[in-house]
């Protein structure tokens, strides 16, 4: 830290300012102690009224925190320390509070949550697993209820009704993945009652480094089975051969489009055994037939593409070169794969996806707490606009962190570890051993068994058992072998007589790529001023050292004639290892930042689509919006075919064919061929007239509901295809980095173009279906919607740089009239 930083240390400044606020809270303690239990809900109501009357949450903070502290003391027997109040102030300010293990983060969240719940919009407290969500909610529940608040928790197996009830509470505990998936599922709902979440108001993220840093590269994905989709591509590849050009469909080679004639529609319906190709339940059939026809008649093998092995590879029409990694969009590539009878690459269908970064950036305010965040303070600041503050410990830290011991080989290292653990076990000192993987975990366990040392093995598979084992790891004679992250969020309390033995001994078997994880492991020992000890055993064969100078270190050991089984120990070496960790952290930060840049493009598109969807779901004026969609469809054709100043180049034939394909009643008869504006005016009046007839035919009450289902189905189908395209686009733009092109710029440009194409297709599909709707059983349509919603499943995708399968605003605002669904470039 520079001299200027020391003088103007923002962390020190925050702590000092917070101490003044804590002094004011402490002055209110006698007053809050004199209250009856029945007074607390009344005081909460008073604070809510003061907020409505114009006081800020900052102004209410001393009174609110004083009430919350007294409520906790009475109801659960815990009075927050002054340093915990400082931590709660940091959470209220939207900061990351770094608090050491055992400093009571769970209790700290109560005060910040209480204050920020006063506006009635709900507070989400985010944990790393279901067990902690349930434990913390039930543990703190008496304090919240004494204050007059409602509190609940989410569990992955809960029903929609149970989740909706949990989200309506003032305080909701749950995991990051469950909340993220609930958001995605809400935006796939076909009925308002299928939605469970309220607003994204304020979130307190526990173990914030794990959730917002470690898991930031892993998107949440809702997907559905693909077998049916692959089957449909194959089925329609066969059916398309039974339709005749001109008679059943028209081809536009210039624009590479195909449109079915009335005869073609009738034949397709007969082949499929359906009454109406444009029934809401048959939307995908029309899409598959048109794609199959395009694949069959407009895309030629060895001209537009080649078949190489078991895959279809696109050929550049200008250079004749193979375009590695590129795929045609919106299902066309799969249709060509079906035509050529090769493997259809459609492993699963992604219906919705979002990164955790973009999910939490939707909240009006987020805060976090963890024992290890300071090493990532720049990332928290740049990505989430969250400052990291170090909260003082309640008692001085006395744990002894010893220098690393570095051995020549992994075998020598493990022998030394077993020898050290044996000595500690024999004197009764508890030992917690941290490993970097389940494989290493089990290897060390086997070595300890050979020495007849009883021990517990933990590898983060069963959270409740995990918490139980970790909680006992501080007992006399306990030996626990755990993966580094196992039992996160659970304190290790020392058993009788352990303090005299030196406290808990934490032994790390390898340095993690991130210093945070090492610090998290060390932090298991020395809680609340307890004695403790930590040390890392390393070898030149460890992955981190192997990448960053392991050979040089091994050579140095040979030069110094270090005997077999003897380690090197020096603070300078530990410093060099830390520098290596910083390099890796920097690389990972760059990757996460790059992914966020890519996903932010998709995020704007997602917001536009979901906003549109929610607007429809809420049952707004569908008819007025529909007229705007019709106008957009007509305007695009006029711009495309009648925009030239030279009337001789106007293409009335193609315009007529395309409009006829979309609007079955279209005819050029009686329409001006000299004034496009006049043509549009007459045709829009005709559209309105035909629409009114359709409303009369179906029924004024039923038709808007059917329209809503139709539009939602079309939006979802087109968005699904767009996600698939964007997924493949990300892979191809990463490859373009080798051609000296900026992947982010390329992705922004192409994804914007594809989004515009998606909206064009969406509006065309909706317009085509509206005038072909026949009488539909509304109840059956609702049941179909529920069934479609229920087959989706969730996954937390794995990450790769080449194909990352991933993906801030309030979603309640719908599309403004006279404005097409759009995003900024």
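Considering segment 482-492, the residues that are within 19 Å of residue 417 (Cα to Cα) and at pLDDT below 85 include one that is surrounded by the most Cβ atoms within 10 Å (Cβ to Cβ), namely 484. For segment 593-613, filtered to residues that are more than 18 Å from residue 713 (Cα to Cα) and under 13 Å from the mean Cα position of the chain (by Cα), the residue that is surrounded by the fewest Cβ atoms within 10 Å (Cβ to Cβ) is 600. Quickly run through segment 696-720 and pick out the residues that are exposed (fewer than 15 other Cβ atoms within 10 Å of the Cβ) and either within 18 Å of residue 767 (Cβ to Cβ) or in contact with a strand residue (DSSP E or B) (Cβ under 8 Å, 6 or more places away or on another chain) (or both). Result: 697, single match. Count, please, the residues in segment 520-541 that happen to be assigned to a loop (DSSP other than H, G, I, E, B), under 20 Å from residue 578 (Cβ atoms) and touching a helix residue (DSSP H, G or I) at 6+ places or on another chain (Cβ under 7 Å). Residues flagged as assigned to a loop (DSSP other than H, G, I, E, B), under 20 Å from residue 578 (Cβ atoms) and touching a helix residue (DSSP H, G or I) at 6+ places or on another chain (Cβ under 7 Å) within segment 520-541 amount to 2. Selection within segment 404-415: residues that are farther than 12 Å from residue 451 by Cβ and crowded, with 17+ Cβ neighbours inside 10 Å. The member of this set that is modelled with the lowest pLDDT is 408. Candidates are the residues of segment 556-569 that are in a loop (DSSP other than H, G, I, E, B) and exposed (fewer than 13 other Cβ atoms within 10 Å of the Cβ); the one that is modelled with the highest pLDDT is 564. Tallying residues that are at pLDDT below 90 and assigned to a helix (DSSP H, G or I) within segment 233-274 yields 1.
So that you can scan it fast, the table gives a plain yes or no per residue for (1) farther than 23 Å from residue 142 by Cβ; (2) surrounded by 13 or more Cβ atoms within 10 Å (Cβ to Cβ); (3) in contact with a strand residue (DSSP E or B) (Cβ under 6 Å, 6 or more places away or on another chain):
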| residue | (1), (2), (3) |
| --- | --- |
| 9 | yes, yes, no |
| 16 | yes, no, no |
| 20 | yes, no, no |
| 44 | no, yes, no |
| 63 | no, yes, no |
| 77 | no, no, no |
| 98 | yes, yes, yes |
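Looking only at segment 115-139, which residues are assigned to a helix (DSSP H, G or I), touching a strand residue (DSSP E or B) at 6+ places or on another chain (Cβ under 8 Å) and more than 14 Å from residue 367 (Cα to Cα)? 130, 132, 133, 134, 136, 137, 138, listed by residue number. For residue 342, the conditions (1) in contact with a strand residue (DSSP E or B) (Cβ under 7 Å, 6 or more places away or on another chain); (2) not in a loop (DSSP other than H, G, I, E, B) all hold with the exception of (2).
To keep it simple, each residue is scored yes or no on (1) closer than 30 Å to residue 586 by Cα; (2) surrounded by 21 or more Cβ atoms within 10 Å (Cβ to Cβ).
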position: 494; (1), (2): no, yes
position: 498; (1), (2): no, yes
position: 503; (1), (2): no, yes
position: 512; (1), (2): yes, yes
position: 518; (1), (2): yes, yes
position: 524; (1), (2): yes, yes
position: 529; (1), (2): no, no
position: 534; (1), (2): yes, yes
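Taking the listed residues 671, 582, 620, the one that is surrounded by fewer than 17 Cβ atoms within 10 Å (Cβ to Cβ) and modelled with pLDDT under 85 is 620, with no other qualifying. Looking at segment 140-148, can you tell me whether even one residue there is surrounded by 22 or more Cβ atoms within 10 Å (Cβ to Cβ), closer than 21 Å to residue 363 by Cα, at pLDDT 95 or above and more than 23 Å from the chain's Cα centre (by Cα)? No: segment 140-148 contains no residue that is surrounded by 22 or more Cβ atoms within 10 Å (Cβ to Cβ), closer than 21 Å to residue 363 by Cα, at pLDDT 95 or above and more than 23 Å from the chain's Cα centre (by Cα). For residue 94, are the conditions met, namely being crowded, with 18+ Cβ neighbours inside 10 Å, within 30 Å of residue 523 (Cβ to Cβ) and in contact with a strand residue (DSSP E or B) (Cβ under 8 Å, 6 or more places away or on another chain)? Taking the combined requirement at face value, the residue satisfies it. Taking the criterion of being at pLDDT below 80 and not in a helix (DSSP H, G or I), the residues of segment 708-742 that qualify are 740, 741. Here residue 648 meets each of (1) exposed (fewer than 15 other Cβ atoms within 10 Å of the Cβ); (2) more than 28 Å from residue 258 (Cβ to Cβ) with one exception, condition (2).
For (1) modelled with pLDDT under 95; (2) more than 23 Å from the chain's Cα centre (by Cα), each residue gets a yes or a no:
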site	(1), (2)
319	yes, yes
326	yes, yes
329	yes, yes
344	yes, yes
349	yes, no
352	yes, no
363	no, no
374	yes, yes
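Looking at (1) surrounded by 24 or more Cβ atoms within 10 Å (Cβ to Cβ); (2) under 20 Å from residue 15 (Cβ atoms), which is the one condition that is false for residue 117? Result: residue 117 passes all but (2). Taking first residues from segment 310-338 that are closer than 22 Å to residue 726 by Cβ and assigned by TED's automatic domain parsing to the domain that holds residue 721 and partners that are modelled with pLDDT under 90 and surrounded by 18 or more Cβ atoms within 10 Å (Cβ to Cβ), no Cβ contact under 6 Å between residues at least 6 apart in sequence or on separate chains turns up.
Elements of the type helices (runs of 4 or more DSSP H) sitting completely within segment 11-112 and holding at least 3 residues that are closer than 17 Å to residue 202 by Cβ and in contact with a helix residue (DSSP H, G or I) (Cβ under 9 Å, 6 or more places away or on another chain): these cover 39-52, 57-76, 82-92.
The values are calculated or read from the model by the stated rules, or taken from the named source; none is laboratory data. All values derive from a computational prediction rather than experimental measurement. No Cβ is skipped: glycine too gets one built from the backbone with ideal geometry, and neighbour counts run over all protein chains shown.
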